[in-house]
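Trainee: I have a structure here, written as structure tokens, and I will follow up with some questions on it.
The values are calculated or read from the model by the stated rules, or taken from the named source; none is laboratory data. All values reported here derive from a predicted model rather than from experimental measurement. Methodologically, a virtual Cβ is constructed for each residue, glycine included, from the backbone with ideal geometry; neighbour enumeration extends over all protein chains shown. SASA here: full protein model, heavy atoms, side chains in, ligands and nucleic acids out. Shrake-Rupley method; radii C 1.70, N 1.55, O 1.52, S 1.80 Å.
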Protein chains: 2
Amino acid sequence: MPNIANDPTRKSWINVPENSDFPIQNIPFGVFITKEDVITIGTRIGNSAIDMGALQQLGYFEGIDLTDDMFMQDTLNDFISDGKKTWRLVRNRLVEIFDSENSKLRDNKKHKDVVIFDVKDIEMLLPVQIGDYTDFYSSKEHATNVGKMFRDPENALLPNWLHIPVGYHGRSSTIVPSGVSVRRPNGQTLPADAKEPVFGPSKLVDFELETAFITTDANLMGEPIPVDQAEEYIFGMVLFNDWSARDIQKWEYVPLGPFLAKNFASSISPWIVTMDALEAFRVTGPEQSPTPLPYLQQSGENAFDINLQVAIKPENSEETVVSNSNFKYMYWSMSQQLAHHTINGCRINSGDMMGSGTISGSTPDSFGSMLELTWGGKNPIILSDGSERKFINDNDTVIIRGYCQNDEIRIGFGECASKLLPAIEIK
Amino acid sequence: MPNIANDPTRKSWINVPENSDFPIQNIPFGVFITKEDVITIGTRIGNSAIDMGALQQLGYFEGIDLTDDMFMQDTLNDFISDGKKTWRLVRNRLVEIFDSENSKLRDNKKHKDVVIFDVKDIEMLLPVQIGDYTDFYSSKEHATNVGKMFRDPENALLPNWLHIPVGYHGRSSTIVPSGVSVRRPNGQTLPADAKEPVFGPSKLVDFELETAFITTDANLMGEPIPVDQAEEYIFGMVLFNDWSARDIQKWEYVPLGPFLAKNFASSISPWIVTMDALEAFRVTGPEQSPTPLPYLQQSGENAFDINLQVAIKPENSEETVVSNSNFKYMYWSMSQQLAHHTINGCRINSGDMMGSGTISGSTPDSFGSMLELTWGGKNPIILSDGSERKFINDNDTVIIRGYCQNDEIRIGFGECASKLLPAIEIK
């Protein structure tokens, strides 16, 4: 199946603003509500959202083997279950429909009226029903920074870290799309030098700059996925803010890991960018030493050059960019994460989500959390409005952006933006 | 809504063998496939499985506000979403239908033929689609035993344990019903005195004796559930074997908790016993000192007297009971677990499952895992066939049983039985 959708010379008859994340070479997938309150699966070109349910009803996917209501659903799970061949056929068809040389839809105003919407007029929903959500911890720089702060500066990386793509389970029920506000959590914390915990709103709410990938039905229970086949089962990627309450985390996480410090909310960008769309941005990942065990060994270009940026926008001020990082810094690849996750026979389903873990670079301005950027609050950041941040304040909006860029095209994710609301009062 | 179903003097016209877990006072809920390959929701009296989908079609639930296909589904999630009032109405109706004084179904052979099956002729399925699965760690004896073995015998309980019902997220995708075999996992372990990990089948596969409760849609994201209302949102309980690979766990679990050591499989008993059915077996839980923070404080009888037993059955021998424990030993109640889980606003959905954590008593014969029963393999158990066990061998079946008993009735869970198959070979 040729991947014709990636031709960088192709133009669309839909206008694509300069520096848009969504040229015709992207064709991400998402779920949205139209002005008429219809929920549909769709894609995006420039600032136009495209109703794929309507396209299917109008016959534009004829010849592709799809169930009748494939795109008239409120999640992408069934489409994702259909597998990589179908994803590619549909993506290829979409670029054909919107190619500047193709007049079929372009010149049919009646059809265009029910298919194409301004993104300002739709509301993006969660694109998949997430079955299980796993978060990895695969940035060496992040793991080292955290180890230096909380454990032993001389032995910051734990003994297992260079052998295992360390991961843990998170909570699916509180993953929300960009635009949904989240609440500062209440909880137990142990103040410095106190013997007993106290209760109240977390004082150290943080973002975590991550990406996440979304899987298809990959295996039967008991069957591992070989590392060299793992990418076949990855549908695409989103930006991911794994909201964290550092003070709650510190008190609760030994010995079973973070729980309430993380499961109050995580935010994702709503358009899933396919692995096909990211193909041109493969790069070689960091050298792995010691050599991993055989089930984790892979060669070739398994990392992706994705520029990542975090900005903080106070309630009534402009935003300030606080971090510039890149997905290519990740020590463990997504294929290695998936191979590790299933080496024990763990079953992977359509719509499962796997977070990268916080993505920090090697320089202080590329760290992926306030914990690292301010080194535990010791070095506050000054925002452009002059205000100071050690962690995230009430009513701040945290905005993550991500895009790939080469001489020919830019493929991006749009935004993952969410506001932190004040804690509710517990009587 | 009176809970008439609990009248201990009531008899059913369905035969109930002596010491059955399923008298007419139980009325658990489950999902099964009939001989004719129909999937239905049902209940059980004695050794008879009752097709509630057929009962509904025949009009036996008339007068109760239910969707037309409520019981003709492959999960209980929608029924659970309808809330406690509906659960109680349906349970009350079922005991009326099967009361020895009620001739309506009893004397209608045609109806009985499509409603009542021998449990030997049906196959039990997973009763709910589990959204998120959380496992707690709420037995003080278990946490103390593990702390003594792996950390500091003098300070076995970690500082947070008496303040927090410690919990962590698990994986829903590998929870299977009783009767489904599970595979010994492959994975990384660090041999004693080795510097580098090795790869292969786990050598220390263990069971964990637990129960789990299943929730209804309890709250909106951001809203805590008060401890004194939490039980309203608990549909019922099952027996739970949280299969664990101790050698994989030891190497992987610091700092983010158990992952591959646990997520290869967990087994549950297939009939969900409602909280209403367990009402007569309330007891006072252990004294909690220090007093928990206010959001965890409760009074009254919040524990349940449920006898629990674990047996190991080698491939070609009789079973041997290796542990006798009781759910009433749990330090933290289910209400406290649910109140804690949501104090940060974490959303709870219909079909979510929460494990108790390993339930150990204070005496060595009441410990809830091989890890504790053999004290890390130091004191092997001798089975009735003369063979020795430090952990679980290939082709052993682990059987958990649980029941409540007073002078008048016995309410039980049946079995959670699953066989450990050998590891697959990784090339």
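Trainee: Quick one: residue B:280 ticks every box in (1) outside any helix (DSSP H, G or I); (2) away from chain A (no Cβ under 13 Å) bar one, so which box is it?
Mentor: All conditions are met except number (1).
Trainee: Please tell me if residue A:95 is of a type in the set (Val, Ile, Thr) and under 26 Å from the mean Cα position of the chain (by Cα). Reasoning before the result, please.
Mentor: Values: of a type in the set (Val, Ile, Thr): yes; under 26 Å from the mean Cα position of the chain (by Cα): yes.
Judged against the criteria, residue A:95 is a match.
Trainee: For residues that are assigned to a loop (DSSP other than H, G, I, E, B) and farther than 15 Å from residue B:239 by Cα, tally how many sit in region B:312-351. Show your work before the answer.
Mentor: Within region B:312-351, the first condition is being assigned to a loop (DSSP other than H, G, I, E, B), and the residues that meet it are B:314-319, B:330-333, B:343-351.
Next, only the ones that are farther than 15 Å from residue B:239 by Cα stay: B:314-319, B:331-333, B:343-351.
Result for region B:312-351: 18.
Trainee: When region A:61-99 is examined, which residues are found to be farther than 20 Å from residue A:2 by Cβ, crowded, with 17+ Cβ neighbours inside 10 Å and either of a type in the set (Ser, Thr, Tyr) or not assigned by TED's automatic domain parsing to the domain that holds residue A:40 (or both)?
Mentor: Scanning region A:61-99 gives a single hit, A:75.
Trainee: While we're here: Within region B:188-222, track down each residue that is over 29 Å from residue B:370 (Cβ atoms) and crowded, with 20+ Cβ neighbours inside 10 Å. Give the steps one after another, and end with the answer.
Mentor: Residues of region B:188-222 that are over 29 Å from residue B:370 (Cβ atoms), as a first pass: B:215-222.
Of everything in region B:188-222, those that are over 29 Å from residue B:370 (Cβ atoms) and crowded, with 20+ Cβ neighbours inside 10 Å turn out to be B:215, B:216, B:218, B:222.
Trainee: Related question: Just checking, which of B:309, B:249, B:298, B:288 is closer than 16 Å to residue B:369 by Cα, open to solvent by 20 Å² or more (accessible area, probe 1.4 Å), modelled with pLDDT of 95 or more and outside any helix (DSSP H, G or I)?
Mentor: Step by step, each of B:309, B:249, B:298, B:288 is checked, and only B:309 is closer than 16 Å to residue B:369 by Cα, open to solvent by 20 Å² or more (accessible area, probe 1.4 Å), modelled with pLDDT of 95 or more and outside any helix (DSSP H, G or I).
Trainee: Residue check: is residue A:260 within 14 Å of another protein chain (Cβ to nearest Cβ), open to solvent by less than 50 Å² (accessible area, probe 1.4 Å) and touching a Gly at 6+ places or on another chain (Cβ under 8 Å)?
Mentor: Yes, satisfied.
Trainee: (1) surrounded by 15 or more Cβ atoms within 10 Å (Cβ to Cβ); (2) away from chain A (no Cβ under 14 Å): which one isn't true of residue B:348, the others all being true?
Mentor: Failed condition: (2).
Trainee: Quick check on my filter: what residues within region B:223-245 are surrounded by fewer than 22 Cβ atoms within 10 Å (Cβ to Cβ) and charged (D, E, K, R)?
Mentor: Selection gives B:223, B:228, B:231, B:232.
Trainee: Return the residues of region B:195-217 that are among the small types (Gly, Ala, Ser) and either within 12 Å of the chain's Cα centre (by Cα) or farther than 18 Å from residue A:342 by Cα (or both); say none if nothing qualifies. Lay out the reasoning, then the answer.
Mentor: First, the residues of region B:195-217 that are among the small types (Gly, Ala, Ser): B:200, B:202, B:212.
Result: B:212, single match.
Trainee: Is it the case, given these coordinates, that residue A:162 is under 25 Å from residue A:366 (Cα atoms) and either more than 15 Å from the chain's Cα centre (by Cα) or among the aromatic types (Phe, Trp, Tyr) (or both)?
Mentor: yes
To keep it simple, each residue is scored yes or no on (1) free of Cβ contacts under 8 Å to residues at least 12 places away in the same chain; (2) crowded, with 23+ Cβ neighbours inside 10 Å.
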position	(1), (2)
A:101	yes, no
A:108	yes, no
A:112	yes, no
A:119	no, no
A:123	no, no
A:126	no, no
A:133	no, yes
A:138	no, yes
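Trainee: Identify, by number, the condition in (1) surrounded by fewer than 24 Cβ atoms within 10 Å (Cβ to Cβ); (2) over 27 Å from residue A:296 (Cα atoms); (3) among the β-branched types (Val, Ile, Thr) that residue B:268 doesn't meet.
Mentor: Going through the list (1) surrounded by fewer than 24 Cβ atoms within 10 Å (Cβ to Cβ); (2) over 27 Å from residue A:296 (Cα atoms); (3) among the β-branched types (Val, Ile, Thr), residue B:268 breaks only (1).
Trainee: Pull up region B:127-183, narrow it to residues that are touching a helix residue (DSSP H, G or I) at 6+ places or on another chain (Cβ under 9 Å) and of a type in the set (Gly, Ala, Ser), then point me to the one that is farthest from the other protein chains (Cβ to nearest Cβ).
Mentor: In this case the residue turns out to be B:139.
Trainee: Just the residues that are farther than 21 Å from residue B:227 by Cβ and assigned to a loop (DSSP other than H, G, I, E, B), please, taken from region B:152-175.
Mentor: B:152, B:156, B:157, B:158, B:159, B:170, B:171
Trainee: Which condition does residue B:231 not pass, out of (1) modelled with pLDDT of 95 or more; (2) under 30 Å from residue B:86 (Cβ atoms); (3) in a loop (DSSP other than H, G, I, E, B); (4) more than 8 Å from chain A (Cβ to nearest Cβ), if it passes all the others?
Mentor: (3)
Trainee: Between A:379, A:393, which is open to solvent by 20 Å² or more (accessible area, probe 1.4 Å), part of a loop (DSSP other than H, G, I, E, B) and in contact (Cβ under 8 Å) with a residue 40 or more places away in the chain?
Mentor: A:393
Trainee: Another question about this same structure. When you scan region A:359-367, do you find a residue that is more than 24 Å from residue B:252 (Cα to Cα) and of a type in the set (Phe, Trp, Tyr), even just one?
Mentor: Going through region A:359-367, the residues more than 24 Å from residue B:252 (Cα to Cα) turn out to be A:361-367.
Subsequent filtering for residues that are of a type in the set (Phe, Trp, Tyr) retains A:367.
There is at least one residue in region A:359-367 that is more than 24 Å from residue B:252 (Cα to Cα) and of a type in the set (Phe, Trp, Tyr).
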